[in-house]
């Protein structure tokens, strides 16, 4: 993994708190969607409710 460029660091330092929060919230949403997709691939016969239950267990307890 590479370090952020000086330009990226400058941009982040100049962002207000709301912008940083929006970026963080978007990253969390994307991570949940990726995990949800992975769970669907791993358990293709599970109902949407079962997938959401598995997602909640992973997210809340940090276990696969």
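No lab work stands behind these numbers, since they all come straight from the coordinates. Bear in mind the structure is a predicted one, so any value in this text is a computation, not a measurement. Positions of Cβ are backbone-derived with ideal geometry, glycine not excepted, and every protein chain shown enters the neighbour counts.
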Among the residues of region 25-47, is any out of contact with any helix residue (DSSP H, G or I) (no Cβ under 9 Å at 6 or more places or on another chain) and at positive phi?
-> no
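Yes/no matrix, rows are residues, columns are (1) assigned to a helix (DSSP H, G or I); (2) touching a residue at least 60 places away in the same chain (Cβ under 8 Å); (3) surrounded by fewer than 11 Cβ atoms within 10 Å (Cβ to Cβ):
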| position | (1), (2), (3) |
| --- | --- |
| 2 | no, no, yes |
| 7 | yes, no, yes |
| 19 | yes, no, no |
| 24 | yes, no, yes |
| 33 | yes, no, no |
| 57 | yes, no, no |
| 60 | yes, no, yes |
